[in-house]
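The values are calculated or read from the model by the stated rules, or taken from the named source; none is laboratory data. Note that this is a predicted model, so its numbers are computed, not measured. Cβ placement follows ideal geometry from the backbone for every residue including glycine, while neighbour counts extend to all protein chains displayed. Ligands, DNA and RNA are excluded from the accessible area calculation, which covers all protein heavy atoms including side chains. Shrake-Rupley method; radii C 1.70, N 1.55, O 1.52, S 1.80 Å.
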Amino acid sequence: MDLNDLVQKAGSSDPAEQLQAVQSARKLLSSDRNPPIDPLIESGILPILVHCLEQHDRPSLQFEAAWALTNIASGTSAQTQAVVKAGAVPLFLHLLLSNTQNVCEQAVWALGNIIGDGPTLRDYVINLGVVPPLLTFIKPDIPITFLRNVTWVIVNLCRNKEPPPPVQTIKDILPALNLLVHHNDINTLVDTVWALSYLTDGGNDQIQMVIDSGVVPKLIPLLSHKEVKVQTAALRAIGNIVTGTDEQTQVVLNCDALSYFPNLLIHSKEKICKEAVWFLSNITAGNQSQVQAVIDAGLLPLIIQNLSKGEFQTQKEAAWAISNLTISGNKDQIARLIREGVIAPFCNLLVCKDTQVVQVVLDGIHNMLKSAGQQVEQLANMIEECSGLDKIESLQNHENVDIYKLAYDIIEQYFSEEVDGAGLETHATEGAFEFDPTTTIPNDGFKF
């Protein structure tokens, strides 16, 4: 059947012929490979499909038309916009009240595609009143496939942060997420937790709304969920919360969150290790009692292990966690970090290609030296023995102004007695002090 013929039959006054034509259009649009979305839009079928949504005495026709429009709206942004311009959204909202379940469910799916296009269409659909009817579906007797669809639409409502969803929408959605976070269906649970992670990624005011909803104590236990997808989403959601104020961070710590981290930091999935270290870098950027909580939970050796053996992105987060501790921590806390053996793996990162990491590590070393007091000489020796000094000397030639200045300052302030003027120029022979990872610096004899 050619498209013009199809369009003509879709507008037929014969109900059977019309239903068959709309169904044919839906099947064309459901084909996996390159469905002819643009040719169908150009054929003028959109107004006909939208008109079919209004035929309340013909639920089969409504269903087929809604399905076809859902598939068009799942395409490019321009294709989604075409469905909206054809006037489909108010009719989809009306279909949320349909007594026919598959029609209702199809309308939810279509609206999810439209909301997912971005913040402009999201807010357009919100302003037309999508949230209250959507939330009425979350009840015990809802079929699980339908609930998954509803939860997916909620995720799309929460997803964008430029701008974020309206404050009232967030307030309306949070009680539903609070209910769904207990759900035993994995798909529903994963989407619920991702929705929370999007909301906590929208600044401190949104973090506070999530905290005030009372959901945080329910999120924390999900860090040990058997399903990695749930763990990942939960780690991101609570990780976003601890990017907030010290008070907001404390809410998470008060739920005993740190007790989950020994397992997360040695997780078989590197991505989880990386996110776990990122989470802790936000805690070590907090106040001294929060830094102490990380120490008391026995997490420093595991952060250092990730600094030493993790993939580069994980090492990068670990470098931030260490450097933040050297800023936020007190002298005793920094000394504890040094005692745990951080110096060698930390100095090793000075030769990486990532300028930001080199800067973070140099800052951390500088902070440690500044706080070392009476022990500054022992610390300088430790840095020299793992060939850290050699690496810092090399950085005096770095193209980045901040890095070479800081490297120069560190040597000038803390190593100038051992390195004479000529030595500063020659930088020793490159590679002469190759660090041997098998040698460990003895702990005894240092007051660190």
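Name the helices (runs of 4 or more DSSP H) wholly inside the stretch 19-77 in which the number of residues that are within 14 Å of L6 (Cβ to Cβ) and open to solvent by 50 Å² or more (accessible area, probe 1.4 Å) is 2 or more.
Of the helices (runs of 4 or more DSSP H) lying wholly inside the stretch 19-77, those with at least 2 residues that are within 14 Å of L6 (Cβ to Cβ) and open to solvent by 50 Å² or more (accessible area, probe 1.4 Å) span 37-42.
Residue check: is C273 under 19 Å from the mean Cα position of the chain (by Cα) and either more than 24 Å from N204 (Cα to Cα) or surrounded by fewer than 22 Cβ atoms within 10 Å (Cβ to Cβ) (or both)?
yes
What helices (runs of 4 or more DSSP H) lie completely within the stretch 227-290 and have 1 or more residues being in contact with a Cys (Cβ under 8 Å, 6 or more places away or on another chain)?
Qualifying helices (runs of 4 or more DSSP H): 261-264.
Within the set of pairs 6 or more residues apart or between chains, which connect a residue that is in contact (Cβ under 8 Å) with a residue 24 or more places away in the chain inside the stretch 1-15 to a residue that is loosely packed, with under 15 Cβ neighbours inside 10 Å and not in a loop (DSSP other than H, G, I, E, B) with Cβ atoms less than 8 Å apart?
Short answer, once both residue conditions are applied: L3/P39.
Within the stretch 244-265, count every residue that is under 19 Å from Q288 (Cα atoms), polar (S, T, N, Q) and free of Cβ contacts under 8 Å to residues at least 40 places away in the same chain.
Of the residues in the stretch 244-265, 2 are under 19 Å from Q288 (Cα atoms), polar (S, T, N, Q) and free of Cβ contacts under 8 Å to residues at least 40 places away in the same chain.
For the stretch 327-364, which positions are among the β-branched types (V, I, T) and within 21 Å of L302 (Cβ to Cβ)?
Those that are among the β-branched types (V, I, T) and within 21 Å of L302 (Cβ to Cβ): I327, I334, I338, V342, I343, V357, V360, V361.
If you take the residues in the stretch 87-112 that are in a loop (DSSP other than H, G, I, E, B) and farther than 19 Å from Q23 by Cα, which one is least open to solvent (accessible area, probe 1.4 Å)?
L96
Would you be able to tell me the number of residues in the stretch 376-403 that are farther than 21 Å from N324 by Cα and part of a helix (DSSP H, G or I)?
Result for the stretch 376-403: 14.
May I ask you to list the residues in the stretch 186-205 that are modelled with pLDDT of 95 or more and surrounded by fewer than 19 Cβ atoms within 10 Å (Cβ to Cβ)?
Matches in the stretch 186-205: I186, N187, N204, D205.
Taking the stretch 242-270 as the search range and keeping residues that are open to solvent by 10 Å² or more (accessible area, probe 1.4 Å) and of a type in the set (A, V, I, L, M), which one is nearest to Y198 (Cα to Cα)?
V251
Here are some conditions: (1) more than 18 Å from S281 (Cα to Cα); (2) open to solvent by 10 Å² or more (accessible area, probe 1.4 Å); (3) of a type outside the set (V, I, T); (4) under 16 Å from the mean Cα position of the chain (by Cα). L219 meets all but one. Which one does it not meet?
Condition not satisfied by L219: (2).
Does the stretch 63-78 contain any residue that is farther than 23 Å from F137 by Cβ, in contact (Cβ under 8 Å) with a residue 12 or more places away in the chain and not β-branched (V, I, T)?
Scanning the stretch 63-78 turns up at least one residue that is farther than 23 Å from F137 by Cβ, in contact (Cβ under 8 Å) with a residue 12 or more places away in the chain and not β-branched (V, I, T).
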